[in-house]
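Below you'll find the structure, written out as structure tokens, and then a few comments.
Nothing in this text is a laboratory measurement; each read-out follows from the coordinates by a stated rule. Not measured: the values here are computed from a predicted model. Note that we place each Cβ from the backbone using ideal geometry, even for glycine, and neighbour counts take in every protein chain shown.
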Amino acid sequence: MEALVASAIGVMTAAGVYMILRMRVFPVVVGMSMLSYAVNIFLFASGRLAVNQPPILRDGVTQYTDPIPQALVLTAIVISFGMTAVVVMLSLGAFIEAGDDHIDLDGEGDK
Amino acid sequence: MLGFFDHLIIAPVVLPAFFAPLMVLWMRFDTVSQRVFSVAAMVFMLGIAITLAVDAASGVPEVYRLGNWEAPFGIVLVLDKLSALMLVLTAVLGLAVTLYAIGSGWDRRGWHFHSLLQFQMMGINGAFLTGDAFNLFVFFEVLLIASYGLMIHAGGRDRLKAGVQYVVYNLAGSTLFLFALGTIYATMGTLNMADLADKVAQMPANETGLLRVGAVLLMLVFAVKAALVPFQFWLPATYTNAPGVVAALFAIMTKVGVYGIIRVYTLIFTPDSPVGTLAAEVLIPVAGITLIVGMVGILGARDMGRAVAYSVIGSVGTMMLALAQFTPAGTAAGLYYLVHSTLVAAALFLIVDMVRERRKGGLALVAEAPFRQNGLLAALFFAGAIGMAGMPPLSGFLGKLMIMDATRGQWWIWAAILITSLIAILGFARAGSTVFWKSYGTQVEEGDAPLPRPPEAPSDALAYVAAVGLLLALAAWTVFAAPATRYMQGVAQQLYTPDVYISAVMDGAYARAEAAAEAAAHHDEPDHPADDAHVAPAGDDASGH
């Protein structure tokens with residue numbers, strides 16, 4: 001399972017970085033989402049991978065999974081979801097105003 | 001039991017969090033009440049920040065446990081001299097920016113300016129106060145999401161395009177932050193800064209490999225925020241295209257990154273630890289290059305706004321040269337310069353914005369007919385540029401002097417600071433003389449009347465109060481340089497005795513947690529089995545994040 005999770009994080013990060021470098025709004029937004037998925041799984045894995053184990057104290061259980069990464073990842077998911085919404089609205093606004101979906105600033109400096 | 005004043009530590013976070021929704025929900029269409037409440041909130045915040053600074057001067061960091069959870073389990077806010085200093089600086093800047101936004105009418109050119117401003121203050125104050133690394137991330141996001149709104153305030157094609165770039169850059173930075181925190185948590189099993197500091201110090205040097213990765217990732221994040229080379233690319237486009245008043249507020253944003261570097265690399269990865277020495281080695285050359293890129297950028301800029309934006313990069317480089325020495329003298333000098341450069345950058349952005357409002361061709365460095373209040377603005381820009389370039393008599397000169405004193409013996413730092421100062425003087429002289437002086441030589445054409453005051457701006461006077469107020473604060477910073485330096489030395493001394501901070505947060509934490517659990521168990525005994533109470537101190541983190 002470790003190999004699967006690790007390679008999933010790696011592949012998604014690589015794909016995300018590649019998409020962000022595409023310089024157009026849609027691939028960049030998708031790339032950002034990819035990256036945030038990757039980092040969420042990474043955070044989740046930072047408390048060690050454990051299957052079928054409760055995070056909260058319970059009677060008669062000796063093996064637990066670390067609850068803190070779950071709390072962290074929950075926060076990170078909420079934040080990245082909100083941020084994605086913001087960047088989608090913003091890029092839509094920029095697209096409507098500027099008429100193209102390039103992310104670079106044309107001729108910056110001489111305006 | 002906590003008294004009223006013990007709860008004051010959280011006020012800089014709670015107060016804006018209260019005012020911002022109030023403004024959105026209750027006075028959405030009422031600009032006048034928004035303005036009144038915004039100024040009131042800023043004055044109130046300044047008062048609180050000063051009270052906290054007086055409080056923090058005792059030298060013992062004060063700890064505020066959110067929900068009264070003990071330190072490594074719950075989130076703590078910690079008020080030490082550095083946080084208090086940054087809070088006061090933020091509040092002063094916030095007040096000036098609010099006054100200017102009202103005076104220039106910027107707050108009426110889009111929606112929700114004042115509430116976004118309050119949320120921004122909440123994020124910045126929280127970032128300065130928190131004692132938990134993940135909470136620092138959360139407050140970074142709060143201040144960023146507010147800054148996205150402020151950055152595109154009033155809209156427009158170029159601003160929106162620059163805004164998208166700014167947002168994407170910072171989202172990538174936030175992702176990096178999470179990777180860094182994940183790495184650190186995986187190694188150390190905690191994200192409380194004091195607890196981390198304690199545990200990092202006990203770690204054998206040959207096991208710090210993964211931790212070093214985390215530490216460097218964290219430094220990259222702060223470098224993005226502080227606009228250190230090679231992460232400075234977002235800054236000029238953002239600051240030039242943002243509304244002038246927002247650019248002035250953003251003067252504190254780069255300092256949030258600088259604060260992060262100071263905090264993390266004096267407390268957690270201390271300069272004498274195997275992880276910390278790496279930071280100093282990387283930071284000094286990076287700071288030098290940042291300084292050169294920034295100051296050369298002033299000379300190369302084709303408009304006034306960009307010149308000021310590049311000078312912000314240069315000033316970050318200057319202060320990092322001092323801070324990256326990781327000596328008490330270097331830190332004291334760097335902090336003195338940090339306050340100076342925040343005030344002067346904000347003042348310059350406000351002045352430049354006033355020029356943009358009045359000039360037909362915006363900020364482009366081409367000769368053009370004189371505009372409204374040409375002479376007055378020229379004088380203000382002159383004062384600001386002197387401060388930013390580091391010429392006497394303003395505090396920039398004193399700050400650079402102290403930095404050079406603290407880096408005695410490193411000739412190339414002296415050379416970099418002195419030569420780039422000269423370049424900055426040249427750059428500002430060129431920008432100022434083209435915009436302000438060459439105007440008198442140009443022919444005034446028919447129908448080429450200077451721009452009138454925009455109808456939504458209630459008064460020029462208020463805008464001038466803000467800009468001149470910041471310059472006066474700069475003058476005060478110069479006049480009271482001796483007590484200011486003493487305070488900075490106190491801050492530095494506290495930073496380099498991290499044990500005080502660690503013990504303030506951690507001492508007795510476990511004992512108190514056990515006592516609380518016991519008390520709870522005792523209290524619950526009549527109707528519950530005792531082992532229910534054990535749950536209390538452990539699984540808490542979700543509540544706070």
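Please return the longest stretch of chain B lacking exposed loop sites, where chymotrypsin sites (Phe, Trp or Tyr not before Pro) count only if DSSP places them in a loop and at most 10 other Cβ atoms lie within 10 Å. Answer - B:30-545.
The helix-only estimate of mean residue ellipticity at 222 nm for chain B, built from DSSP H runs of length n ≥ 4 each weighted as -39500 (n - 2.57), is -24000 deg cm²/dmol after division by the residue total. Starting from the Kirkwood Rh over alpha-carbon pairs, what translational D in µm² s⁻¹ does the range B:1-151 have by Stokes-Einstein at 4 °C and 1.567 mPa s? The estimated diffusion coefficient comes to 82 µm²/s. Across the range B:376-438, the convex hull enclosing all Cα atoms gives 57 Å³ per residue. Scaled against the 2.2 N^0.38 Å expected of a compact globular protein of N residues, the Cα radius of gyration of the protein assembly as shown reads 0.97. Take the Kirkwood radius over Cα pairs of the range B:295-448, plug it into Stokes-Einstein at 37 °C and 0.692 mPa s, and you get 205 µm²/s for translational diffusion. Build a GNM of chain A with springs between Cα atoms under 10 Å apart, and of A:Tyr18, A:Tyr64, A:Tyr37 the one that fluctuates most is A:Tyr64.
The Kirkwood hydrodynamic radius of the range B:1-70, based on inverse pair distances between different Cα atoms, is 13.8 Å. Grouping the Cα pair distances of the range A:24-111 into 5 Å bins from zero gives a pair-distance distribution of 3, 12, 16, 15, 12, 10, 9, 7, 6, 4, 3, 2, 1, 0, 0 percent in increasing distance order. The relative contact order of chain B comes to 17 percent, based on Cα pairs under 8 Å that sit 6 or more residues apart. Seen against the Cα atoms of chain B and their longest principal axis, helix B:374-389 is set at about 40 degrees. Each semi-axis of the equivalent ellipsoid for the range A:55-98 is √(5λ) with λ an eigenvalue of the Cα gyration tensor; in descending order they amount to 42, 6, 5 Å. Seen from every direction in turn and averaged, the convex hull around the alpha carbons of the range B:69-161 projects onto 7.0 nm². Where does the range B:111-192 land on Rg/Rh, using Cα atoms and the Kirkwood Rh? On the Cα set of the range B:111-192, Rg over Rh gives 1.07. For the range B:72-230, the alpha carbon positions stretch 58, 33, 27 Å along the principal axes, listed from largest to smallest.
Debye calculation, C-alpha points only, no solvent: report log10 I(q)/I(0) for the range B:173-213 at q = 0.15 Å⁻¹, in the same order as the q values. So the normalised log intensities work out to -0.34. In plain terms, if you count all Cα to Cα distances in the range B:323-373 and split them into 10 Å steps from zero, the share in each step is 23, 29, 20, 17, 11, 0 percent.
Over the range B:148-228, the Kirkwood radius and the radius of gyration, each from Cα atoms, give a ratio Rg/Rh of 1.17. Taken over the C-alpha atoms, chain B has Rg and Dmax values of 23.9, 93 angstrom.
Remark: relative contact order (chain A) = 25 percent; criterion is Cα-Cα distance under 8 angstrom and separation of 6 or more residues. Take the residue pairs B:Lys225/B:Lys438; B:Lys161/B:Lys438; B:Lys360/B:Lys438; B:Lys161/B:Lys400; B:Lys255/B:Lys438; B:Lys360/B:Lys400 and return only those whose Cα atoms are more than 25 Å apart. Table pairs above 25 Å Cα-Cα are B:Lys225/B:Lys438; B:Lys161/B:Lys438; B:Lys161/B:Lys400; B:Lys255/B:Lys438; B:Lys360/B:Lys400. Based on alpha-carbon centroids, what's the gap between the range B:463-494 and the range B:409-435 in Å, whole number please? About 23 Å separates the Cα centre of the range B:463-494 from the one of the range B:409-435. Put simply, the range B:212-317 fits an ellipsoid with semi-axes of 27, 14, 9 Å; these come from the alpha carbon gyration tensor as the roots of five times its eigenvalues, largest first.
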